[in-house]
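Working notes for the structure below.
The values are calculated or read from the model by the stated rules, or taken from the named source; none is laboratory data. The shown structure was predicted, so the numbers you read here are calculated from the model rather than taken from an experiment. With ideal geometry, Cβ positions are generated from the backbone for all residues, glycine too; neighbour counts draw on all protein chains shown. Please note that ligands, DNA and RNA were not included when accessible areas were found on the heavy atoms of the full protein model with its side chains. Shrake-Rupley method; radii C 1.70, N 1.55, O 1.52, S 1.80 Å.
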Amino acid sequence: MQRMLLDAVDEILRSGSAAPADEVSRRLSGVGARPGEAAFAVESVAADQLLALRFGWAPLDPVAVVRWVSDRLGAEHGRRALGAAGLLGHPEAPRWSSVRPQPGGAGRLLPALVLLLAGVVALATEASADHTP
């Protein structure tokens, strides 16, 4: 499941398209689990990764993450990412405790989490490139 997320994030960063975030949901049909179970598992992995990044050793600016998504992938994708950005502590996002996955399968939560992961990775990559001698 984690590999599926990393592949989607890599595709987003390489292509500059948000389409791989939506494709994760479609790819779940090939993992053999029922759609709702597979979606929940991947959402859990994505949320776990984002929480680890939020509370990790490097400071994380959730506003910059959502701005990156909006600027690079489009305003609609930025709004989608903002819908789950409470997980990162974004001040304008809905409280994370109010975010609910759709019953019976993947809805808008999984793509929003993938978009947030892509934004975090992109900003971390840009920051490390800025500090490379």
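Just a yes or no: is a residue in region 36-47 within 15 Å of Ala122 (Cα to Cα), assigned to a helix (DSSP H, G or I) and in contact (Cβ under 8 Å) with a residue 12 or more places away in the chain?
No, every residue in region 36-47 fails to be within 15 Å of Ala122 (Cα to Cα), assigned to a helix (DSSP H, G or I) and in contact (Cβ under 8 Å) with a residue 12 or more places away in the chain.
If you take the residues of region 53-77 that are open to solvent by less than 50 Å² (accessible area, probe 1.4 Å) and not aliphatic (A, V, I, L, M), which of them is farthest from Gly119 (Cα to Cα)?
Selected residue: Gly56.
Filter region 24-36 down to residues that are at pLDDT 70 or above, in contact with a helix residue (DSSP H, G or I) (Cβ under 9 Å, 6 or more places away or on another chain) and open to solvent by 60 Å² or more (accessible area, probe 1.4 Å), then give me how many there are.
1
So, of the residues in region 1-10 that are open to solvent by less than 80 Å² (accessible area, probe 1.4 Å) and at pLDDT below 90, which turns out to be nearest to the chain's Cα centre (by Cα)?
Out of the qualifying residues, it is Leu5.
Picking from Leu82, Leu13, Leu51, which residue would you name as being in a helix (DSSP H, G or I), within 16 Å of Ala124 (Cβ to Cβ) and modelled with pLDDT of 90 or more?
Result of the check over Leu82, Leu13, Leu51: Leu13.
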